[in-house]
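Colleague: Please find one structure pasted underneath; my questions will follow.
The values are calculated or read from the model by the stated rules, or taken from the named source; none is laboratory data. Because the structure is a prediction, the values reported are computed rather than measured. Here the Cβ positions follow ideal geometry from the backbone for every residue, glycine too, while neighbour counts run over all protein chains shown.
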Amino acid sequence: MSRYYTRACNFFYGSVSKSLVKKKKSLPLNGNQQISFDHIELISRKSKKKIPINKLNKLSQSLKKQINLDIKKITSKKKNFANLNFLKLPNIMGVLNLTPDSFSDGGIFNKKSKGIKHANQMFISGANIVDVGGESTRPGSKGVNTKLEWERINKTLKSLCKKIPVSLDTRKSEIMEKGIKYGVKIINDISGLNYDPLTINILNKYKIPFIIQHSQGAPENMQNNPKYENVLLDVYDFFYEKIQFLRSIGINHNNIIIDPGIGFGKNLKHNMNLINNISIFHSLGFPILVGNSKKKFIKEISKKNDTKTRTGGTVASSIYLMMQGVQILRIHDVNEILQGIKVFKELIKD
């Protein structure tokens, strides 16, 4: 039998969603009646087809069994962790780069007082957690050694962990372990746990929540003509196989977040395919995080209307992702994005 992938689609939001769920005309996404869907799209590597939820009984018994397993994952309520509330859309992960060369804010906050002040301000503005990093992984960047990366984040990280929820953006197991001992709530490894072979041991030892991000290649070369057979399904298969591996080595908790890695080894077409079909990842059964903030795809779409802050494109893509049920957005300008989301939510109230 061909492998099919199940994508929830045709979403409803707010009171309309609650009404349709109550009337059993749509299914709640992740146990949240505030957002629901009444169609699925069956996708294979050869075809795709949208099917209303109420017509699934007409499918073959074997296919129906496979889809029902996916729907169970899509509709199941996610357990909250690390100050993230998965019945609230979206959660915001604020970005704090303590680097001289990050693509958006390199050199701005890499002094201890400025970094701490900015992180606290993002938290006050409504960020659920702040992601602290000491190594730039923008396209073309070169890695830094463990000593330098730790020197960049050590004092700021230690201070912040006493005050607010913090995630740690690093590829290195030694830094992960030091950060865990300071009290970080989540490990965010942009390499998909592939950079440092000791990472798995640290995650297994401490049972800490972590983010698996997909990336193709290393930051130094990831944008050199990235290629996929089918970017959407290739990235999905990466997550599926990674989760199977983690289960096989004894990591059985569900405090895992998946991130398709927008801009990490992907061109504009790849990024748009992933964003347009982001809801396919709900069938993996884990919360989804997307780093859409200020990314190059905004420049490539807006062309002459590009700006340094890319606030407009970040707001627009954030709202779209929220309407597809994405639970976490990784954001630089927390206050501005939350402003846009709050206004949008008020405007679509019935």
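Colleague: Determine which single condition VAL231 fails, assuming it passes every other condition in (1) under 25 Å from PHE86 (Cβ atoms); (2) among the hydrophobic types (A, V, I, L, M, F, W, C); (3) touching a helix residue (DSSP H, G or I) at 6+ places or on another chain (Cβ under 7 Å).
Modeller: It fails just one condition, (1).
Colleague: When you scan the range 39-52, do you find a residue that is outside the structural domain of HIS253 (by TED's automatic domain parsing), touching a Pro at 6+ places or on another chain (Cβ under 8 Å) and modelled with pLDDT of 95 or more, even just one?
Modeller: Yes, there is a match, as at least one residue in the range 39-52 is outside the structural domain of HIS253 (by TED's automatic domain parsing), touching a Pro at 6+ places or on another chain (Cβ under 8 Å) and modelled with pLDDT of 95 or more.
Colleague: Still on this model: Step by step: first the residues of the range 324-343, then only those that are crowded, with 17+ Cβ neighbours inside 10 Å and out of contact with any helix residue (DSSP H, G or I) (no Cβ under 7 Å at 6 or more places or on another chain), then the one that is nearest to PHE11 (Cα to Cα). Which residue is that?
Modeller: This residue is GLN327.
Colleague: Among the numbered conditions (1) surrounded by fewer than 22 Cβ atoms within 10 Å (Cβ to Cβ); (2) under 30 Å from ASN230 (Cβ atoms); (3) among the basic types (Lys, Arg), tell me where ARG7 comes up short.
Modeller: (1)
Colleague: Any chance the range 238-259 includes a residue that's in contact with a Pro (Cβ under 6 Å, 6 or more places away or on another chain), buried (at least 16 other Cβ atoms within 10 Å of the Cβ), at pLDDT 95 or above and more than 23 Å from ASN271 (Cβ to Cβ)?
Modeller: Among the residues of the range 238-259, at least one is in contact with a Pro (Cβ under 6 Å, 6 or more places away or on another chain), buried (at least 16 other Cβ atoms within 10 Å of the Cβ), at pLDDT 95 or above and more than 23 Å from ASN271 (Cβ to Cβ), which makes the answer yes.
Colleague: Condition first: part of a helix (DSSP H, G or I) and surrounded by fewer than 18 Cβ atoms within 10 Å (Cβ to Cβ). Now tell me which residues in the range 183-224 satisfy that.
Modeller: ILE200, ASN201, ASN204, LYS205, TYR206 - these are the residues of the range 183-224 that are part of a helix (DSSP H, G or I) and surrounded by fewer than 18 Cβ atoms within 10 Å (Cβ to Cβ).
Colleague: Can you go through ASN30, ASN97 and tell me which one is surrounded by 13 or more Cβ atoms within 10 Å (Cβ to Cβ), modelled with pLDDT of 95 or more and touching a Gly at 6+ places or on another chain (Cβ under 9 Å)?
Modeller: Unique residue meeting the criteria: ASN30.
Colleague: If you go through the range 264-273 one residue at a time, do you hit one that is within 25 Å of LEU193 (Cβ to Cβ), touching a residue at least 40 places away in the same chain (Cβ under 8 Å) and in contact with a Ser or Thr (Cβ under 6 Å, 6 or more places away or on another chain)?
Modeller: Yes, the range 264-273 contains at least one residue that is within 25 Å of LEU193 (Cβ to Cβ), touching a residue at least 40 places away in the same chain (Cβ under 8 Å) and in contact with a Ser or Thr (Cβ under 6 Å, 6 or more places away or on another chain).
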